[in-house]
1. Would you please name the residue that is farthest from the chain's Cα centre (by Cα), looking only at residues in the stretch 29-57 that are modelled with pLDDT of 90 or more and part of a loop (DSSP other than H, G, I, E, B)?
2. Which residue out of D94, D107, D125 is more than 30 Å from I276 (Cα to Cα), assigned to a strand (DSSP E or B) and charged (D, E, K, R)?
3. Return the residue satisfying two criteria in turn: it lies in the stretch 64-118 and is loosely packed, with under 15 Cβ neighbours inside 10 Å and within 23 Å of P217 (Cα to Cα), and of such residues it is modelled with the lowest pLDDT.
4. Residues of the stretch 341-366 being charged (D, E, K, R), surrounded by 13 or more Cβ atoms within 10 Å (Cβ to Cβ) and modelled with pLDDT of 80 or more, which ones?
5. When you scan the stretch 2-28, how many residues do you find that are without any contact (Cβ under 8 Å) to a residue 60 or more places away in the chain and not in a loop (DSSP other than H, G, I, E, B)?
6. State whether the residues of the stretch 277-285 include one that is over 30 Å from P167 (Cα atoms) and either assigned by TED's automatic domain parsing to the domain that holds N168 or in a helix (DSSP H, G or I) (or both).
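The values are calculated or read from the model by the stated rules, or taken from the named source; none is laboratory data. From a predicted model like this one, the values you see are computed outputs, not experimental measurements. Positions of Cβ are backbone-derived with ideal geometry, glycine not excepted, and every protein chain shown enters the neighbour counts.
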Amino acid sequence: MGEFIRPEPMTVSALNRYVKNLIDNDELLGMVYIKGEISNFKKHYSGHLYFTLKDESCLIKCVMFKTYTPNLDFEPKDGDSVLILGSVAVYERDGIYQIYVKGMEIDGVGALYAEYEKLKVRLADEGLFDEDKKKPIPMLPKSIGVITSKTGAVIRDIINVTTRRFPNVNIKLYPASVQGTGAAATIVKALEYFNKAKNVDVIIVARGGGSLEDLWPFNEEATARAIYASEIPVISAVGHETDFTIADFVADLRAPTPSAAGELAVPELHDLEWKINNAQNKLRILLKQKVDMMKARYDKVMKSRIFKDPLDFVRQRMITISNFEKQMTNKVKLNLKDSRILLVEKISKLDALSPLKTLTRGYAIVENADKKVVTSVKDLNKDDVVDLVLQDGNKKATII
């Protein structure tokens, strides 16, 4: 058997450069016109656009540099069906090929994204997203149920964050499929299990970032209705901060990332201890102030005259009553005196006007037989008998 002659090995850089040159020199790849659906769209702070273009079975990475973005007449987003014009090239450092997009126009909304929007509108109309129906997250849960894959970074991130913030918390993992066919059914089953067992205080439904297809189990109606029906509060932590799923809208609280869900589920133990200590200190201060104030009031009361000489209060009241009595007596006497003076004045006036007073001055009153006062000679006839009323009695007289 002859000795095998090994060729001189290439470096990774040399291989990537070789493949790059092959693609760069291919006329067909120099300018391509492709139709596909945008997925995993990201707009970098620099202004460059990064996204994946996909069809039913394949996908390819795309980048559109800031130089070409001013020519866009729409705001790209996940689910848009677009037509792009660009060139295929290799990014030599990473050894990956992608499309450098020079132009892009809208071709319509992707079927999957259209289904997402349709379900979102329908569930919103039914009231599944209403804020007044969302349950409060318990401040200090004893146990947290996590629905996610048993492998991967998500469960590790949640465990690390929650136990770091509050070491005593108990985490119960329900392993669920979070991607692909049948994933929604396992999520629903997990929610039903926790609600039946009632062994957790809050539930976190989580998975890492991904494309619209990757996150689709969290956009299915069955998942949404199971979250809405949960009697236990649910925190949704699906994808990255810019990813929004139907589960986010239905859940009682949305966390931008799984790690953030851990932060929202439990308080920071040190912060909680500080708040408790601070509250205790305030309570001690307020209690001491209250005691000091009550002691000052007690001392003031005990030094008051009523405790030193209790009968003094009675004596003071007796003097007050006596003064009132004297005032009332004087008032009554004064009123009687004024009334007597007024009465004398009235009697004098009446006496001055009395006919009897007139009789004392030599006058007489003439009354006829009917005892009526005669005021005119015309009322008298010859031989009429009249009564003469004088000061000291009556006498009869005959008119002649």
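1. H48
2. Residue meeting the stated conditions: D107.
3. Out of the qualifying residues, it is A111.
4. Hits for the stretch 341-366: nothing passes.
5. Number of matching residues: 6.
6. Yes; the residues of the stretch 277-285 include at least one that is over 30 Å from P167 (Cα atoms) and either assigned by TED's automatic domain parsing to the domain that holds N168 or in a helix (DSSP H, G or I) (or both).
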